[in-house]
Amino acid sequence: MGRDWKAALIILGIFALVADAAANKSTPRHHRYSYGQLNVTQAPPPTLLPPPISSQLGRRPEAHTILSSVIFGLTKAANESNVNGACHTQLQQVQRGILSKQPWAMKVLDASGTKPSGFVFGQNYWLGSRAACKGVQRPVGITLSRNYERVMHYSILTQSAPFEMDYRVIYLRHSSPWQVEIKLMSEQILHIGLCLPKACESEEVKQLAREYVADGSFIDNDIFDMRPEVLYIKDLKLRSEQFFQRASFKLMVASLLVTGALTLCAQQLRVAKRGDEPNPGLAPVESELWQALDTMLKWQPLQRFVSCYDMPSNWRKILATRENSSGEVPIMNGLRSVCAIWILVFHVVWYMYFTVHNKTVLLLYAEKAFFQYVSSAPLLVDVFFTISGFLQTYNFLRNAKQMEAVRRNGLCGNAKLFGKLLFHRYLRLGPLYLIVMGSVDLAFAYIGDVSVYHINERYDELCTQHWWRNLLFIQNLFDHRELCVNWSWSLACDMQFFLVANVILFVYARHPKVAKLLTITGLLATITWSYGIGINHKFEFSFDSTYATGTQIYTSPFVRVLPYIIGAIAAWCLLERRLHVELSEQQTRWLWHFSLNVFISCIYATVRRDLGRMLTTSLFVLGRGIFSLSVCWMILGSATGTGVWWSRMLEAQCFQHLNRLSYAIYLVNPLVITFTYSLTSASTDADPFMLSVMSCGFTLIVYLVSIVFSLAFEVPYSNLSSLLLRPSSGPAVQKPHKL
């Protein structure tokens, strides 16, 4: 009898251990804490606690879920008439799973977007979690020790949906009066992420969403009065057939193949010229191909052409630094390099605007005095225009042989020389520009399909329609909303200024007084035109006004030509010694520091953006003129050999390297920044510290990408231009300056 009693106790103990283990593996494990011990004060008695929300909703928790969750609302709105049978069945399973709190269904609910806080200041990204939706499909592969108690349902890691799920984003335009409307493109578009059964077609979900919005479920008890309108839905999958059939894809592939082949030929030619490998040991077929190519390369013109693609030689050219020689203006290297990086930082902030969920706060930072150096960075484009105008005039007037040829030639001869100048400028600027255009078209076709964000500027569509404008460098003469690669407007302006400046310089070589009259007339005309346009369009420094008047003011060559003319006049004055004044060392230092103060003051002139119309226009026109004059003093001072400590820093040899990459940095940086932002799966927050970190990261990435683009598509064609100029028996042609 005693043994039976002991055996029974042992059996009961075993059952207790098994039950405890089962409890550890079951879902409702809660760790209890003594609130009295933790918080000193005792917890309120149960009778003082408010009634649960479910009881306030008539003990129907789904009533609250319908209003707060779009995915649950869609499951309620679905029926056999608006979706296919499989979709309807699976949506009903999702609904029942949520109501019964099945782990996989709760993950579906959690992965789908709901309205977060911050809507008033621009939070339109209700994206949920794309990664969490993938976690509905398969177990989450992390290992958690069983040695620790956790307040969690372990099934949320292991349980998968009984059918395939898919993450999609639906876009709705709202017109809520309770959100700050900035008027910069289309910021009032809701992005709602949905974790849906794969059996539901996108068009069915789109129609289902329209019915859900129309019946009032989305806005019941919603004090924000959104009045949403369904626009479209994306399944975030690349339409590969259309993507690979694009003309830009074929152009990029052909360009890469040709560039790669020419680079390999240049490398083989380098080996053959060295003669240190008489028998490279090539395979028979490769050997035959190389022998045929070697026969062709014995023709000297072809050999020189292939040598333009010699990668090691081009790499040395990019990295090379040397002592500044007479006739050069070394501060230009520093000015262009610093301004290129400065504008890059501005683009980091500008393109962040389209993915940030507190847009109002971002603009608030931009209007603060401390951040004016970033928000006013577009003014730095005038530095490039001033330098370009200076160099164009300086190089032309210094070329005595070319000036004599212009005086000697007739109309036909000068037309040929003018065409030659234009051809070489196009040859140096065009290849990299066209490659970036193709890259932008492909990148935006890709992110247009796979990005969670609404892409307002679809360059893949704009470039398909308006590519010929960019090819002719006239895209800035059209509406700024239709620009393919919209940051290239300044390159188009520079090309147009180049053409007009050459016409005036050709006239100057034969009729100096007429050219001077044309220049002064142009200067007065652009000032008058800018005043008229600014007053007529009620121009203000506010961001919405600047964007709205982009076509008439920001990208207009008639307005932006002012610094180019000032730079050209400064070059003429330097060469004609019209500004030759003897200054003491102290006066020279004072003028250097004064020019820097003027430069900085112009950057910070927009700290007040609510000035009157006339004052704003005067600041815009005359301020830009004064800004260009400060840059001209820096250039003239450097050209005459004077300087101070900060100008010597800008003349450092390291800037020679960055200056050679400035054109590639200018073209590539918006592509890299927008592509990176668009591939993120969650909206970002406007935070100054993170912006600083991101700016440093983007600067390094753009620098490395610019080296690749420059090596492949800029330096070889610059070499080719120099090669074509070298053997000519005619007058020397100036090397065109890159913006």
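The values are calculated or read from the model by the stated rules, or taken from the named source; none is laboratory data. Worth saying up front: this structure is predicted, and the values here are computed from it rather than measured. Methodologically, a virtual Cβ is constructed for each residue, glycine included, from the backbone with ideal geometry; neighbour enumeration extends over all protein chains shown. Side chains included, ligands, DNA and RNA excluded: accessible areas come from the protein's heavy atoms. Shrake-Rupley method; radii C 1.70, N 1.55, O 1.52, S 1.80 Å.
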| request: Looking only at segment 525-542, count how many residues are open to solvent by less than 40 Å² (accessible area, probe 1.4 Å), of a type outside the set (Ser, Thr, Tyr) and touching a residue at least 40 places away in the same chain (Cβ under 8 Å). | output: 3
| task | Only residues that are in contact with a helix residue (DSSP H, G or I) (Cβ under 6 Å, 6 or more places away or on another chain) and either without any contact (Cβ under 8 Å) to a residue 12 or more places away in the chain or not in a helix (DSSP H, G or I) (or both): list them for segment 651-666, please. | result | Glu651
| field | Unmet criterion (only one of (1) among the aliphatic types (A, V, I, L, M); (2) open to solvent by 40 Å² or more (accessible area, probe 1.4 Å); (3) in a loop (DSSP other than H, G, I, E, B); (4) within 30 Å of Asn314 (Cβ to Cβ)) for Val581 | value | (4)
| note | Selection from segment 455-486 of residues among the polar types (S, T, N, Q) and in contact with a Cys (Cβ under 7 Å, 6 or more places away or on another chain) yields Asn470, Gln475, Asn476
| request: State which residue is nearest to Val361 (Cα to Cα) when the search covers only segment 680-700 and only residues that are aliphatic (A, V, I, L, M) and open to solvent by 30 Å² or more (accessible area, probe 1.4 Å). | output: Met690
| request: Show the residue pairs that are 6+ apart or on different chains and have beta-carbon atoms under 9 Å apart, the first residue being within segment 123-148 and free of Cβ contacts under 8 Å to residues at least 24 places away in the same chain and in a loop (DSSP other than H, G, I, E, B), the second being open to solvent by 20 Å² or more (accessible area, probe 1.4 Å) and of a type in the set (S, T, N, Q). | output: Arg138/Ser160; Pro139/Thr158; Pro139/Gln159; Pro139/Ser160; Val140/Thr158
| Applying the selection to segment 82-134, what residues are farther than 23 Å from Asn358 by Cα, buried (at least 18 other Cβ atoms within 10 Å of the Cβ) and at pLDDT below 90? | Val83
| request: Only one of these is closer than 24 Å to Gln92 by Cα, of a type in the set (Lys, Arg) and within 28 Å of the chain's Cα centre (by Cα): Lys234, Lys183, Lys206, Lys198. Name it. | output: Lys234
| query | Pick from Gly419, Gly413: which is part of a helix (DSSP H, G or I), open to solvent by less than 30 Å² (accessible area, probe 1.4 Å) and of a type outside the set (Lys, Arg)? | reply | Gly413
| query | Looking at segment 530-552, which of its residues are β-branched (Val, Ile, Thr) and within 22 Å of the chain's Cα centre (by Cα)? | reply | Thr546, Thr549, Thr551
| request: Considering (1) more than 24 Å from Lys76 (Cβ to Cβ); (2) hydroxyl-bearing (Ser, Thr, Tyr); (3) under 28 Å from the mean Cα position of the chain (by Cα), say which one Ser155 fails and leave the rest. | output: (3)
| note | Checked segment 543-558 for anything crowded, with 21+ Cβ neighbours inside 10 Å and among the aliphatic types (A, V, I, L, M); matches are Ile553
| said: Of everything in segment 593-608, what is under 24 Å from Ile331 (Cα atoms) and open to solvent by less than 40 Å² (accessible area, probe 1.4 Å)? Give them in sequence order. | reply: Ser595, Val598, Phe599, Cys602, Ile603
| What pairs come up if the first residue lies in segment 677-694 and is under 16 Å from Gly193 (Cα atoms), the second is open to solvent by 50 Å² or more (accessible area, probe 1.4 Å) and not hydrophobic (A, V, I, L, M, F, W, C), and their beta carbons are under 8 Å apart, counting only those six or more places apart or on different chains? | Ser681/Arg130
| message | Looking at Ile447, Ile435, Ile504, Ile455 in this structure, which one is in a loop (DSSP other than H, G, I, E, B) and out of contact with any strand residue (DSSP E or B) (no Cβ under 9 Å at 6 or more places or on another chain)? | response | Ile455
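Condition check ((1) open to solvent by less than 30 Å² (accessible area, probe 1.4 Å); (2) free of Cβ contacts under 8 Å to residues at least 24 places away in the same chain; (3) in a helix (DSSP H, G or I)) across all residues:
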residue	(1), (2), (3)
Cys484	yes, no, no
Ser488	yes, no, yes
Asp494	yes, no, yes
Phe498	yes, no, yes
Leu523	no, no, yes
| note | Across segment 183-227, the tally of residues that are within 25 Å of Phe543 (Cα to Cα), aliphatic (A, V, I, L, M) and open to solvent by 20 Å² or more (accessible area, probe 1.4 Å) stands at 1
| query | Checking Pro431 against (1) closer than 28 Å to Leu691 by Cα; (2) open to solvent by 10 Å² or more (accessible area, probe 1.4 Å), which test does it fail? | reply | (1)
| remark: Those residues of segment 574-607 that are touching a helix residue (DSSP H, G or I) at 6+ places or on another chain (Cβ under 9 Å) and of a type in the set (Lys, Arg) come to a total of 1
| Unique residue being open to solvent by less than 50 Å² (accessible area, probe 1.4 Å), over 30 Å from Ala405 (Cβ atoms) and not aliphatic (A, V, I, L, M) when the list is Tyr453, Tyr446 | Tyr453
| From Ser388, Ser375, Ser337, which residue is in contact with a Phe, Trp or Tyr (Cβ under 9 Å, 6 or more places away or on another chain), among the small types (Gly, Ala, Ser), under 19 Å from Asp685 (Cα atoms) and open to solvent by less than 30 Å² (accessible area, probe 1.4 Å)? | Ser375
| request: Could you tell me whether segment 609-622 includes any residue that is part of a loop (DSSP other than H, G, I, E, B), in contact (Cβ under 8 Å) with a residue 24 or more places away in the chain, open to solvent by 30 Å² or more (accessible area, probe 1.4 Å) and not hydrophobic (A, V, I, L, M, F, W, C)? | output: yes
| request: Please enumerate the residues belonging to segment 124-158 that are closer than 22 Å to Thr680 by Cα and not aliphatic (A, V, I, L, M). | output: Asn124, Tyr125, Trp126, Gly128, Ser129, Arg130, Cys133, Lys134, Gly135, Gln137
